[in-house]
Amino acid sequence: MKKIVYLISPNEIDKKFYKNLDKVLSFGNVKFFQLRLKKIRKKNLLQIARRIRKITHKHKVKLIINDDYNLVSKTKADGCHMGLSDGSIQVAKNKLKKKILGVTCHNSIKLAERAIKYNVNYLAFGSFYKSKLKPNAKKADIGILKQKKNIKLPIVAIGGITNLNYKRLIKLGAKYIAISSFIWDNPKLKPEVAIKKFE
């Protein structure tokens, strides 16, 4: 099975989450799991990340920490994802050394080209569709995936992705699709069922 899913955590982690994550990752189509918790104390984040690391390691899924590259070594995570306002890409790359670094490029090839100079490992473009996780995210034109001729790095498509629209993004050149709400906040499907819609 192709590992096309870049899975992002829900905004809050409850007691059921760890069991659900184990079931979701066992399906085998998730390549990365990004821990993205904005409103949480560092101490708690560290505990959560270490617990998640055991589950991702078990399923051979790469654990990515959002924003905080200093937390990567403390949790034995596989890498870090940074937005444009999360600090210096160069400093992060130096700190992470051979670990994974991904960067948000929104709807800009220029930002992508700048990130490439720092030897990042993947580029994220979006938001392609309306997103529950980031309702105010900048809109990205789907045509940007067609402009990626000079980009050799893997591309992660982000924003409002569902089972009905993901194939188009893959067809246009995205290697991975970032999903969160469809898995964790789906009123009709349990997480372990929702993940099976992306094969």
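The values are calculated or read from the model by the stated rules, or taken from the named source; none is laboratory data. Note that the structure is predicted; figures quoted are calculated from it, not measured. Cβ atoms come from the backbone with ideal geometry, glycine included; neighbour counts cover every protein chain shown. In case anyone asks, the SASA skips ligands and DNA or RNA and just uses the protein heavy atoms, side chains included. Shrake-Rupley method; radii C 1.70, N 1.55, O 1.52, S 1.80 Å.
Distances between placed amide hydrogens fall under 5 Å for residue 80 paired with 65, 100, 101, 102, all partners being 5 or more residues away or on another chain. The gain in end-to-end length when the residue 141 to residue 109 segment is fully stretched comes to 10.4 nm, 0.36 nm per residue minus the alpha carbon separation. Per-peptide packing, taken as the mean over residues of other Cβ atoms within 10 Å, places 123-129, 36-42, 159-165 in the sequence 123-129, 159-165, 36-42 from highest down. Rounded to the nearest 500, what is the chain's calculated 222 nm mean residue ellipticity when only DSSP H runs of at least 4 contribute -39500 (n - 2.57) each, over all residues? Per the formula, -8500 deg cm²/dmol.
At a probe radius of 1.4 angstrom, the accessible area of the chain per residue rounds to 56 square angstrom. Of the solvent-accessible surface of the chain, computed with a 1.4 Å probe over protein heavy atoms with every protein chain present, carbon and sulfur atoms account for 50 percent. Rounded to the nearest 20, the size of the Cβ-charge dipole of the chain about its Cα centre is 400 debye, with Lys and Arg at +1 and Asp and Glu at -1.
Rounded to the nearest 20 debye, the dipole magnitude of region 93-154 is 220 debye, with +1 charges on Lys and Arg beta carbons, -1 on Asp and Glu beta carbons, and the Cα centre as origin. Near the amide H of residue 106, within less than 5 Å, lie the amide hydrogens of 126, all on another chain or at least 5 residues away, with H placed in the peptide plane.
A simple spin-label model places the labels of residue 90 and residue 40 3.2 nm from each other, with each point 7 Å out along Cα-to-Cβ. Out of every Cα-Cα pair that the chain contains, those further apart than 28 angstrom amount to 20 percent. Placing a label point 7 Å from the Cα of residue 73 along the Cα-to-Cβ direction, the residues of region 96-134 whose backbone N falls under 13 Å from that point are 96-99.
Pairs of Cα atoms nearer than 8 Å and 6+ residues apart set the relative contact order; for the chain it is 20 percent.
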